[in-house]
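Below is one structure, written out as structure tokens, with a few remarks after it.
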Amino acid sequence: MKIYGLAMSTCTQRALIVLAEKGSEAELVPVDLMKGEHKQPAYLARHPFGVIPVLDDDGFTVYESRAIMRYLDQRLGGAPLTPSDPKARAQMEQWISVEQSYFSPHVLTIIHQRLLGPMRGAQPDEAVVDQAKGEIAKAFDVVGKALAKQEYLAGEAFSLADVSWMPYVQYLFVTGTGDVVTSNDHVNAWWKRVSARPSWKRVAAQAAPPKG
Ligand SMILES: N[C@@H](CCC(=O)N[C@@H](CS)C(=O)NCC(=O)O)C(=O)O
């Protein structure tokens, strides 16, 4: 298996966490976003929308990180990351959708303001950051109420819903806005729990720039 992506990319990390949970590996084929490789015809033939990641499983390709994580969960052995109980499964899907619709877009706003913009010489607009943090706090209020009653988003077992949220929660710390996580007790306790998993430690270590 090959994943066209980058270890530091949130969307690539969804696939990498599932692989690590399953005790599997794939060859990570780097795509040079700085050079615009993802907008070149060779890459667009793999992903017509020109973003990462793409999974290639012996010639079968699939793109969109949430589709990839669902595919890997079914395709690979190891503990399932999708509950068999219909209610727990519906909860899992609900939280994946909440992540996609009401959480990650606001983290992306902060990533643009605090990381990507400054790389191009722009100053962060802190009013925009504050507004995004407010929206994230609202989403965390909702998620926190669920996490007050259960260890993981879909109930008592770690699932794809947790996988889906983790990379963007991590980027709140990377962008200096981790206080929005630590100020919500239930979300913070969940983050400590999921980020202590060996799968996450492996993915985070892969994403860290080499020291020295
Ligand atoms: N909905 C897509 C989003 C993919 C995406 O936006 N990937 C980012 C990296 S995390 C990317 O390729 N950015 C480069 C660009 O937008 O030019 C998914 O979940 O896979």
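The values are calculated or read from the model by the stated rules, or taken from the named source; none is laboratory data. Not measured: the values here are computed from a predicted model. Note that each Cβ is placed from the backbone with ideal geometry, even for glycine, and that neighbours are counted across all protein chains shown. These area figures cover heavy atoms from the full protein model, side chains too; ligands, DNA and RNA do not enter into them. Shrake-Rupley method; radii C 1.70, N 1.55, O 1.52, S 1.80 Å.
Side notes on the structure shown:
- With every protein chain in place, region 2-75: carbon and sulfur % of accessible area (1.4 Å): 54
- Secondary structure note: in the chain, about 65% of the DSSP beta bridges are antiparallel.
- Accessible carbon and sulfur surface of region 88-163 relative to its total accessible area, %, 1.4 Å: 53
- Most tightly packed first, judged by the mean number of other beta-carbon atoms within 10 Å of their residues, the peptides 174-182, 154-162 read 154-162, 174-182.
- Asp85 versus Leu44: modelled label distance in nm, points set 7 Å from Cα along the beta carbon direction: 4.8
- Accessible surface, per residue, of region 70-197 when the full set of protein chains is kept, probe 1.4 Å, Å²: 49
- Separation between Cα centres of region 93-155 and region 159-202, rounded to whole Å: 11
- Nearby lysines by direct alpha-carbon distance to Lys201 (threshold 23 angstrom, same-chain neighbours under 8 apart not counted): Lys2, Lys22, Lys192, Lys211
- Set of lysines near Lys87 by C-alpha distance (under 21 Å), chain-local residues within fewer than 8 positions excluded: Lys145, Lys149
- Region 26-100: relative contact order as a whole-number percent, Cα under 8 Å and 6+ apart: 13
- Arg120-Lys145 pseudo-label distance in nm [points 7 Å out on the Cα-to-Cβ vector]: 3.9
- Value of [θ]222 nm, deg cm²/dmol, for the chain, DSSP H segments ≥ 4, -39500 (n - 2.57) each, nearest 500: -15500 deg cm²/dmol
- Relative contact order (percent, whole number), the chain, Cα cutoff 8 Å, 6+ residue spacing: 23
- Segments 34-45, 8-19 sorted - mean Cβ within 10 Å per residue, highest first: 8-19, 34-45
- Net length gained if the chain between Gln206 and Glu37 were fully extended (0.36 nm per residue, minus Cα distance): 58.7 nm
- The phi torsions of region 88-93, fed into the Karplus equation with coefficients 6.51, -1.76 and 1.60 and a -60° offset, translate into couplings of 5, 5, 4, 5, 4, 5 Hz, rounded to whole numbers, with Gly and Pro shown as x.
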